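Only one structure is covered here, and it is reproduced in the block below.
The values are calculated or read from the model by the stated rules, or taken from the named source; none is laboratory data. Quantities reported herein were computed from a predicted structural model and do not represent experimental measurements. Glycine gets a Cβ as well: all are built from the backbone with ideal geometry, and neighbour counts include every protein chain shown.
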Amino acid sequence: MKRSLTILSIALLAVFFGCEKNSAPTCEITSPDNNQEITQGDVVTISVEAEDPDDNLKEVRFYIDDENIGTTSGSPYSCSWNTAGVAEGSHNIEATAIDDEGDEASDNITVTIVTVSVENPAPTAAFSASSTCVGTGVSVTFTDESTNDPTSWSWDFGDGETSTEQNPSHCYLSTDTYTVELSVSNNDGSDTETKTDYIEVTEPITGSVTDQRDGTTYETVSLGDQEWMAENLKYLPEVSGPGSGASSSPYYYVYGYDGTDVAAAKATNNYSTYGVLYNYNAAMAGASSSDENPSGVQGVCPDGWHVPSDAEWKELEMTMGMTQTDADDTGRRGDNEGCSLAASSSLWAYGALRGGDQIGLSGFDALPGGNRASTTFENKAFLGNWWSATVSTSSSSMVRVIEYNFRTVYRGNYDKKMGLYLRCVKDE
């Protein structure tokens, strides 16, 4: 019995001294530093020193905010972290070393992701013009083409006039060659572009056309892409007094003449100065309404010319400097377009129109010939009234009116029975 106990004691001692306890590994993050700031977008190498006393280290795992981003099983223990798209602020980096027995050790640090504001480049000035060769009275639209988002603009048109609009329109009053300068700026700087002798301003480009029906020769003027008669049409196949009229038949009038003798009507000063007043039917020669550009309606105009549509009047007004928004509006619109289109003449009653700097510059030479109302002639010296080919209602058509006391152009609708003047536009 004593011998058995001795053998058992020896066995237990052997078991005790033959099974040593496993030691846990160690783990320390050596890079980056705790509380380090990292610029968003940088690729960061997370480095770890890890050891296992039993030399049984299996792997090191890497975590960002508890999300595993990689595992390595051999020295050096490291992992790359791309911070592009990582939110600004604090983030936790954790590394865990694990041995073959499953024992582990971890280390944690906190880093802060920051963004660096990139300085925006200063703007670079650049611009272009709608035309670099224009006649007096015709507006030039300048377009800002600067880069890097300028927030302010300063234009010098070379004639003493300036603007702070981004895309201004400007009308030159005198023939010359002008240097244009644009300065732009924002919070990051400024820049200037100067175009020397950039805009050439000439006298209006004029011409003439003869109406083969009656031999009348008309002055013409080119304005933008259009060529207009610079006089009211005078074609007069018949004539009536102001008391006669209707919308369903053509009627022709000469301001102040009350009779039916064409030769006598043509002999008047009003005929030679202002031309013929037409009702809408006569102006259109019975054709249907059109708002096309060009209208395609010859109407009472000579061959190769046509009645302008409302859209063609708008094009003319915008050539004079009116904005698209104003052109599409009704009533008195724009700034000095009526002044530029009007003739510089004492035939206009004295008012704001005659006092404008741009009076008569375009060569369009609109005159205040008045109109035929329901049964009388009226508004001579005060208004010039012209038809378009575009109806607005079954009984009225869009018209243009220049008034002695305004520098704008009126757009509205008049009854088709009225007698108004007509300006023809050359076909394309």
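Miscellaneous remarks
- Of all residues making up segment 347-389, the number that are crowded, with 19+ Cβ neighbours inside 10 Å, over 16 Å from Y421 (Cβ atoms) and either of a type in the set (K, R) or touching a residue at least 60 places away in the same chain (Cβ under 8 Å) (or both): 6
- Of all residues making up segment 351-387, the number that are basic (K, R) and at positive phi: 0
- Number of the condition not met by E238 [criteria: (1) in contact with a helix residue (DSSP H, G or I) (Cβ under 8 Å, 6 or more places away or on another chain); (2) outside the structural domain of S340 (by TED's automatic domain parsing)]: (2)
- Flag for E165 being more than 30 Å from M418 (Cβ to Cβ), in contact with a Phe, Trp or Tyr (Cβ under 8 Å, 6 or more places away or on another chain) and loosely packed, with under 14 Cβ neighbours inside 10 Å: yes
- Residue match in segment 315-328 (condition: surrounded by fewer than 20 Cβ atoms within 10 Å (Cβ to Cβ), hydroxyl-bearing (S, T, Y), assigned by TED's automatic domain parsing to the domain that holds T393 and on the phi < 0 side of the Ramachandran plot): yes
- Residues that are of a type in the set (K, R) and closer than 19 Å to L422 by Cα, drawn from segment 186-234: R213, K234
- One residue from D191, D197 being more than 21 Å from Y274 (Cβ to Cβ) and surrounded by 13 or more Cβ atoms within 10 Å (Cβ to Cβ): D191
- Exactly one residue out of S174, S208 is surrounded by fewer than 18 Cβ atoms within 10 Å (Cβ to Cβ), assigned to a loop (DSSP other than H, G, I, E, B), among the polar types (S, T, N, Q) and without any contact (Cβ under 8 Å) to a residue 40 or more places away in the chain: that is S174.
- Segment 383-416, residues that are in a strand (DSSP E or B), under 21 Å from A246 (Cβ atoms) and small (G, A, S): S388, A389, S392, S396, S397
- Residues that are surrounded by 15 or more Cβ atoms within 10 Å (Cβ to Cβ) and out of contact with any Phe, Trp or Tyr (no Cβ under 6 Å at 6 or more places or on another chain), drawn from segment 133-147: V134, G135, T136, G137, V138, S139, V140, T141, S146
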